[in-house]
Amino acid sequence: MHELSIVTSIVDTIESYMKENSLTECEEIVLQIGELSDVIPEYLQACYPIAVEGTIMENTALKIEKITALAKCKNCGEEYRYIENKGACPKCKSIKREITQGKEFFIKQITAR
Ligand SMILES: [Zn+2]
């Protein structure tokens, strides 16, 4: 369970953040996950309650925002949605591309007091 270890590392991050800032209660965290990230939001959401049980984040709500995957065509320069176009440029059909967005995985926001 790849996602379980991810939640564990998030808990560690939040714990040290809260210690540093003398906070005791974390109400909510917002994660941003790219469509091409190797983290599956649904799995993460599913294992979250088990992973945070008994930790500082036991009562913390989890919100996940997905980031659309974008690619830039190396042939004609077109920017397009990677998944919708199955990785091929909609203009010139080239599959030579650079992923410009969609591999992200980070904590966007922490609401704590
Ligand atoms: Zn193109």
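Odds and ends about this structure:
- Amide N of the stretch 8-24 lying under 16 Å from the label point, which is placed 7 angstrom from the Cα of Arg113 along Cα→Cβ: 22-24
- Viscosity 0.890 mPa s, 25 °C: Kirkwood-radius Stokes-Einstein D of the stretch 1-55 over Cα pairs, µm²/s: 202 µm²/s
- Beta bridges per DSSP, both residues in the chain: antiparallel share near 65 percent.
- Residues whose amide H comes within less than 5 Å of that of Ile67, counting only those at least five positions distant or on another chain, are Ile33, Gly34, Glu35 (H built at 1.01 Å from N in the peptide plane).
- Over 23 Å between alpha carbons, listed pairs Lys66/Lys108; Lys72/Lys103; Lys63/Lys103; Lys63/Lys96; Lys72/Lys93: Lys63/Lys96
- Distance (nanometres) between label positions extended 7 Å along Cα→Cβ at Glu58 and Ser9: 2.6 nm
- Note that the stretch 43-56 has calculated 3J(HN,Hα) couplings of 5, 4, 4, 5, 8, 4, x, 6, 5, 9, 4, x, 9, 4 Hz, one per residue in order, obtained from phi through the Karplus relation 6.51 cos²θ - 1.76 cosθ + 1.60 (θ = phi - 60°); glycine and proline are x.
- Computed from Cα positions, the angle between helix 2-20 and the longest principal axis of the chain comes to roughly 60 degrees.
Values in this text are rule-based calculations from the coordinates and carry no lab data. Since we're looking at a predicted model, the values are computed, not measured. As a convention, Cβ positions derive from the backbone with ideal geometry for all residues, glycine included, and neighbour counts pool all protein chains shown.
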